[in-house]
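What follows is a single structure, written as structure tokens, with notes after it.
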Ligand code: FES
């Protein structure tokens, strides 16, 4: 995970970020709004929303859905990408899975938002001299979306292709 200080650094910097992967120019990323790229053996999605750059694993932690095709919406005050396959909500900043729960004994039943915890690996985005870079979140904790970045998954997907 990144500290708030590290997250804030994704707006601008003057020196090359360490261990970073070049994604494209900021102008191109902002214009495209979403860019997917295989870098360092990982498929990442970089998106620009409301002037902020975000990066995360490209395939949804639930079943590998294409997050680059998901809508971005606010839930419980948090910006989320909504997976187009089964509408799972993932916070842009942390990669948390959000869900709604209803207490059946409350009247009237009122749904409330809850977190499943970190499910999608999010990465640090840095802008240097008009170029956008991604530095992998190298947390050693296994995150559910990691499976869709493995050779095992790619082999399965390649075999499934017609
Ligand atoms: S694959 Fe994303 S919600 Fe199911």
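For the range 48-71, filtered to residues that are within 12 Å of the ligand (Cβ to nearest atom) and assigned to a loop (DSSP other than H, G, I, E, B), the residue that is surrounded by the fewest Cβ atoms within 10 Å (Cβ to Cβ) is 63.
Please determine whether any residue of the range 19-29 is at pLDDT below 95 and surrounded by fewer than 14 Cβ atoms within 10 Å (Cβ to Cβ). The answer is yes; a qualifying residue exists. Taking the listed residues 95, 130, the one that is at positive phi and surrounded by fewer than 16 Cβ atoms within 10 Å (Cβ to Cβ) is 130, with no other qualifying.
Only one of the listed residues (124, 140, 98) is part of a loop (DSSP other than H, G, I, E, B) and either over 17 Å from residue 44 (Cα atoms) or touching a strand residue (DSSP E or B) at 6+ places or on another chain (Cβ under 6 Å) (or both). That residue is 140. The number of residues in the range 72-88 that are assigned to a strand (DSSP E or B), within 16 Å of the ligand (Cβ to nearest atom) and out of contact with any helix residue (DSSP H, G or I) (no Cβ under 8 Å at 6 or more places or on another chain) comes to 5. Could you tell me whether any residue of the range 128-135 is closer than 22 Å to residue 88 by Cβ, within 23 Å of the chain's Cα centre (by Cα) and touching a residue at least 40 places away in the same chain (Cβ under 8 Å)? No; the residues of the range 128-135 include none that is closer than 22 Å to residue 88 by Cβ, within 23 Å of the chain's Cα centre (by Cα) and touching a residue at least 40 places away in the same chain (Cβ under 8 Å).
The values are calculated or read from the model by the stated rules, or taken from the named source; none is laboratory data. Computed from a predicted model, the values in this text were never measured in an experiment. Quick reminder, even Gly has a Cβ in these numbers, built from the backbone with ideal geometry, and neighbours come from all protein chains shown.
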